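*Asks:* Below: one structure in C-alpha cells.
The values are calculated or read from the model by the stated rules, or taken from the named source; none is laboratory data. Small disclaimer: the values here were computed from a predicted structure and weren't measured. Here the Cβ positions follow ideal geometry from the backbone for every residue, glycine too, while neighbour counts run over all protein chains shown.
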Amino acid sequence: MTGKPAAQRASTQRTVGSITYELTRKRVKNLNLRVVEGGAVRVSAPTRTPLREIDRFVASHEAWIGQARERVHVREASADQMQDVYTDEECLRVFGEVSDRIYPLFAYCLPIQPALRVRWMKSRWGVCHVAKNYITLNKQLMGKPRAALEYVVLHEYVHFLHPNHQAGFHAEMARLMPDYLARRALLK
Ligand SMILES: [Zn+2]
C-alpha cells in the first residue's frame, strides 16, 4: 500500500536571501508557496511570471516560511518520538487482535494464519508478503483510529487474493468492508 506520488514536473532550484526554494512552472493562475517535509520550500508559478517577481514573492514571505518550518519541525519531532513510545510487543498485541478477527474470513484460502511483523515505515501502512505468508504493519498505526487499523489489516489480507489494486481488489474490499473508503480516509 503506497501513496501515489504526484506526477513529477521539471523544477529548478533558486536562492533568494537566505531562502532556497524549488520552483516549478505550472498552468496555474497564482504563485503558490509551500513548506514540505524537512522544511523544504516549494513554489509553483504560472508559466510567464518573471523570475524576479517570484523571488520577490518568496522574499516577502520570509517570516511566514520561518513559522511554517517551525511547525513542520515540531510535527516531525513528535512523529519521531512516537517511534519509541510503543514497543514492538505492544504493537503486535493490538494489531494481532485485529488480525485474529479478520483471519477467519480468509481461512478458506489461507490454511495458516499469516504472521505479523511491525516496523516504523515512512510511506506505507502495511506490506503483504504473499510468498512468505506474513504482513508487515507500520507502527504509526498505533496513533490511528481502530477503524483505520482494521482497514489496513484487511487491505493486506486481500492482497493474498489480489496482489495489485485493480478492480478485483476493490470489489473484494467493498464486499468485506463496505465502508472501507471512509475508513481509509481516516489515515490522512
Ligand atoms: Zn495495497
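*Asks:* Here are the criteria: (1) more than 12 Å from the ligand (Cβ to nearest atom); (2) surrounded by 13 or more Cβ atoms within 10 Å (Cβ to Cβ). Tell me which single one residue 89 does not satisfy.
*Replies:* Exception for residue 89: condition (2).
*Asks:* Could I ask something else about it? Suppose we filter 55, 84, 80 for residues that are on the phi < 0 side of the Ramachandran plot, over 21 Å from the mean Cα position of the chain (by Cα) and acidic (Asp, Glu); which single one remains?
*Replies:* Among 55, 84, 80, only 55 is on the phi < 0 side of the Ramachandran plot, over 21 Å from the mean Cα position of the chain (by Cα) and acidic (Asp, Glu).
*Asks:* Check every one of the helices (runs of 4 or more DSSP H) wholly within the stretch 7-106 and list those with 3 or more residues that are touching a Gly at 6+ places or on another chain (Cβ under 9 Å) and within 24 Å of residue 123 (Cα to Cα).
*Replies:* Working: elements: 51-60, 62-85, 88-102.
Those helices (runs of 4 or more DSSP H) span 62-85.
*Asks:* Please go through (1) modelled with pLDDT of 95 or more; (2) of a type in the set (Asp, Glu); (3) farther than 19 Å from residue 136 by Cα for residue 70 and return the number of the only condition it doesn't satisfy.
*Replies:* Looking at each condition in turn, residue 70 falls short on (1).
*Asks:* Quick check on my filter: what residues within the stretch 131-159 are surrounded by 14 or more Cβ atoms within 10 Å (Cβ to Cβ), part of a loop (DSSP other than H, G, I, E, B), away from the ligand (no atom under 11 Å from the Cβ) and not charged (D, E, K, R)?
*Replies:* 133
*Asks:* So, one more: Mind checking which residues of the stretch 114-130 are of a type outside the set (Phe, Trp, Tyr) and within 11 Å of the ligand (Cβ to nearest atom)?
*Replies:* Passing the criteria: 124, 126, 127, 128.
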